[in-house]
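This report refers to the structure that appears directly beneath it.
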Amino acid sequence: MGRATSAGLLAAVVLTGSACSDGNKGADSPLTPSKAETSTVTIGDAAASTGPAAPIPGARTGGTVTVHEQADITHLDPAEVYPNNAQALSMLFTRQLTAYKKVDGKFVLVGDLATDTGTTTDGGKTWRFTLKDGIKFDDGTPVTAKDVKYGVERLYDPGKVLGPKYVPQWLSGSDYTKAYQGPAKSGSLPDNVVETPDDKTIIFRLKDIHAEFPFAVAMPYTSPVQKSRDGKAYDTAPVSTGPYKVEGHDDTKLTLVRNPHWDPATDPIRHSYPDRWEVKFGLQSQQATQQFIADVGPDKNAISLSFGVDSQYAEQVQTRADLKERLLSGVNPYVYYYAINTSRVTDLKVRKAILTAFPKQQVRQIQGGPAYGEFATTILSPTVQGFSNYDLFNVAPTGDPEAAKKLLAGATPTIVYAYQQGEVSDRVAVAVQQGLEKAGFKIVKKPVSAETWYDESTKKDNGFDLYFGGWASDWPGGSGFIPVLFDGRTIADGTYNYARYNDATVNAEIDRIAAIGDVTEQNAQWMALDKKIMEQVPVVPYVYSRTTRLYGSNVGGAELDIYGATSPANLFLKS
């Protein structure tokens, strides 16, 4: 499946919570949460999918929101939108079959274009959606099921390489471009794949059961596209179905203005309080944090979708009362871990010794302390459905080198520790080396340039024994984690099975769980498999990553979206 490439790309390019020093010389500060925060996502019914969105107390209309981002939002074409900041921004001008809204602080999946989250009568192999009345493109043309189908057909184009590919893969198999190459070359997809019997109905016929399909179509790539307006310029200024549309886009700025044909009565998720959005590119983390702290002029009206607080300001923003009032902080979907290459480190006792001796707290202190994340003991994130925290080994975060020595029983294994070169990661490498050598390991450090890290680390035979990894599912379920990271049948050049883990029993369990038609039961089973895999210690779980981000003092309605970006859905300016 293409989940590996897709989710891996997301993990590679997304900007999440910043690593930063908390100023302590020894243990982490008391800001450390006592346990992992969990996030329950529910599936809403037709009533929950009905607009308009509930009004935000105290919200007013008007003004311009400034958005600071480090680099240009390269792709606006929904077929190629993937980084979490681009997905967050696209909420302003695209709509999908389903989407997430927040109710009482919890995420609910609801129908966005559709009247509900889809229906199936065969356990999750065939999915039917009905479009709402009154949804239009920004030129006033009504959105039809054929426009949604055309948007999906574009995903098959071999030139559309950066966005997720779940829908075409589930419809046509992993080699989906061999079956169909997009509407320009291959005409329309046949009705036995995607059918639009009328203007309001679209039916997807998948090759296999996918109970998670309603979540997979919540991403921008199921946005409707007008065939008559498609073309080379679509990536710069796509057609809008949301509350805003693109007015201008160059290397320094992207401007969004109101879309007069968006009807809030159809939309249960978004508001359109600001008049205008100006997304400015070019700031670095330190400068952005300084500007948010200073809170002067237009920066009073500013947010960032992705900038984390720069390392040197972490303690300041979490202890100064006026800054804490405008701080977004929470666990995001990423789990960071250290992969143990099981094809090279074949002795389970040695892998257990690595986990037992690993100096999590010392490493996290270098990377920013509690603001960087909460210590992890599982593979899955607390943000997925069905999460249940456990700790099989009960090792202190500082590591236990004496207990690790007993596991090694006098042996001195050599471990190649590979890492991206950089000031912080160089310091981390020293801490890892010191922690493991106390237990009797011999550590060979292997620095790799940042430019070649992903190419090197995803090679089947990379020569690494221990190295950093991170993952976030594209929806809050285990099907976006476990098969990508631990299915032994995916081990090849380009693999994201960093641990090179291949267990026939686990592979069979992956197939069994994937075929479960009830998503709640499926996610409970993924959690059980998480624990079974950890018995073999293919990874050292490190932290559940945190987002820590500032916004301007005149901004109201700021919150994190399901991917850890700043959500624009409810934002307004106070004055």
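The values are calculated or read from the model by the stated rules, or taken from the named source; none is laboratory data. Please read all numbers here as calculations on a predicted model, not as lab measurements. In this analysis, Cβ positions are derived from the backbone assuming ideal geometry, glycine residues included, and neighbour counts consider all displayed protein chains. When the accessible area is computed, the model is the full protein with side chains, heavy atoms only, and any ligands, DNA or RNA have been set aside. Shrake-Rupley method; radii C 1.70, N 1.55, O 1.52, S 1.80 Å.
Going by what's in this entry, would Ala216 be described as crowded, with 20+ Cβ neighbours inside 10 Å, touching a residue at least 24 places away in the same chain (Cβ under 8 Å) and closer than 24 Å to Ala47 by Cβ? For Ala216, the condition - crowded, with 20+ Cβ neighbours inside 10 Å, touching a residue at least 24 places away in the same chain (Cβ under 8 Å) and closer than 24 Å to Ala47 by Cβ - is met.
Here the condition is being within 26 Å of the chain's Cα centre (by Cα) and in a helix (DSSP H, G or I); of Gln291, Gln316, Gln312, it holds for Gln312 alone. Among the residues making up the range 89-123, those that are at pLDDT below 95 and small (Gly, Ala, Ser) are Gly105, Gly123.
Only a single item in (1) under 24 Å from Asp391 (Cβ atoms); (2) modelled with pLDDT of 95 or more; (3) not aromatic (Phe, Trp, Tyr) is not met by Ser545, and it is number (2). Quick one: in the range 73-126, of everything that is among the charged types (D, E, K, R) and open to solvent by 10 Å² or more (accessible area, probe 1.4 Å), which residue is farthest from the chain's Cα centre (by Cα)? Ranking the candidates gives Asp122 first. Scanning the range 497-509 for residues that are surrounded by fewer than 22 Cβ atoms within 10 Å (Cβ to Cβ) and of a type outside the set (D, E, K, R) returns Asn502, Ala504, Thr505, Val506, Asn507, Ala508. One residue stands out among those in the range 114-127 that are assigned to a loop (DSSP other than H, G, I, E, B) and in contact with a helix residue (DSSP H, G or I) (Cβ under 7 Å, 6 or more places away or on another chain): the one that is nearest to Thr50 (Cα to Cα), which is Thr117. Count of the range 360-389 residues, restricted to those that are open to solvent by 40 Å² or more (accessible area, probe 1.4 Å), within 21 Å of the chain's Cα centre (by Cα) and polar (S, T, N, Q), is 2.
Being at pLDDT 95 or above and either of a type outside the set (S, T, N, Q) or more than 13 Å from Phe213 (Cβ to Cβ) (or both) is a property that Lys146 has. Could you check, for the range 164-172, whether at least one of its residues is assigned to a loop (DSSP other than H, G, I, E, B) and of a type outside the set (D, E, K, R)? Scanning the range 164-172, I find at least one residue that is assigned to a loop (DSSP other than H, G, I, E, B) and of a type outside the set (D, E, K, R), so the answer is yes. Considering only the range 193-201, I want to know if a residue exists there that is over 26 Å from Asp138 (Cα atoms) and open to solvent by 10 Å² or more (accessible area, probe 1.4 Å). Yes, the conditions are met somewhere in the range 193-201.
Taking only the range 311-323 into account, find how many residues are among the charged types (D, E, K, R), surrounded by 13 or more Cβ atoms within 10 Å (Cβ to Cβ) and under 25 Å from Phe572 (Cβ atoms). Adding up the residues that qualify gives 1. Scanning the range 315-373 for residues that are at pLDDT below 95, under 15 Å from Val432 (Cβ atoms) and aliphatic (A, V, I, L, M) yields a count of 1. Whether any residue in the range 179-192 is under 27 Å from the mean Cα position of the chain (by Cα) and either modelled with pLDDT under 95 or hydroxyl-bearing (Ser, Thr, Tyr) (or both) is what I want to check. The answer is yes, given that some residue of the range 179-192 is under 27 Å from the mean Cα position of the chain (by Cα) and either modelled with pLDDT under 95 or hydroxyl-bearing (Ser, Thr, Tyr) (or both). Would you be able to say whether some residue in the range 227-234 is in contact with a Phe, Trp or Tyr (Cβ under 9 Å, 6 or more places away or on another chain), part of a loop (DSSP other than H, G, I, E, B) and open to solvent by less than 10 Å² (accessible area, probe 1.4 Å)? Taking every residue of the range 227-234 in turn, none turns out to be in contact with a Phe, Trp or Tyr (Cβ under 9 Å, 6 or more places away or on another chain), part of a loop (DSSP other than H, G, I, E, B) and open to solvent by less than 10 Å² (accessible area, probe 1.4 Å).
Flag set for Gln286, criterion: within 25 Å of Asp322 (Cα to Cα), in a helix (DSSP H, G or I) and either of a type in the set (Val, Ile, Thr) or at pLDDT below 95 (or both).
Could you list, in sequence order, the residues of the range 128-138 that are charged (D, E, K, R) and part of a loop (DSSP other than H, G, I, E, B)?
Lys132, Asp133, Asp138
Table: residues versus (1) open to solvent by 10 Å² or more (accessible area, probe 1.4 Å); (2) in contact with a His (Cβ under 6 Å, 6 or more places away or on another chain); (3) not charged (D, E, K, R).
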position: Asp474; (1), (2), (3): no, no, no
position: Phe486; (1), (2), (3): no, no, yes
position: Ala514; (1), (2), (3): yes, no, yes
position: Asn523; (1), (2), (3): no, no, yes
position: Met527; (1), (2), (3): yes, no, yes
position: Thr547; (1), (2), (3): no, no, yes
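Taking first residues from the range 283-308 that are touching a residue at least 24 places away in the same chain (Cβ under 8 Å) and partners that are among the aromatic types (Phe, Trp, Tyr) and not in a loop (DSSP other than H, G, I, E, B), the Cβ contacts under 6 Å between residues at least 6 apart in sequence or on separate chains come to Thr289/Tyr313. Just one of the listed residues (Asp400, Asp461) is farther than 15 Å from Ala339 by Cα and either without any contact (Cβ under 8 Å) to a residue 24 or more places away in the chain or of a type in the set (Asp, Glu) (or both), and it is Asp400. Taken together, the residues in the range 504-540 that are under 20 Å from Gly469 (Cα atoms) and of a type in the set (Asp, Glu) amount to 2.
Assessment of the range 378-394 against the conditions (at negative phi, touching a Leu at 6+ places or on another chain (Cβ under 7 Å), modelled with pLDDT under 95 and part of a loop (DSSP other than H, G, I, E, B)) yields at least one matching residue. When Glu278 is tested against (1) open to solvent by 10 Å² or more (accessible area, probe 1.4 Å); (2) farther than 30 Å from Glu247 by Cβ; (3) out of contact with any Phe, Trp or Tyr (no Cβ under 9 Å at 6 or more places or on another chain), just one condition goes unmet, and that condition is (2).
Table: residues versus (1) small (Gly, Ala, Ser); (2) open to solvent by 10 Å² or more (accessible area, probe 1.4 Å).
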residue: Ala265; (1), (2): yes, yes
residue: Pro268; (1), (2): no, no
residue: Gly297; (1), (2): yes, yes
residue: Glu325; (1), (2): no, yes
residue: Tyr337; (1), (2): no, yes
residue: Asp347; (1), (2): no, yes
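Scanning the range 141-158 for residues that are open to solvent by less than 20 Å² (accessible area, probe 1.4 Å) and part of a loop (DSSP other than H, G, I, E, B) yields Val143, Leu155, Tyr156.
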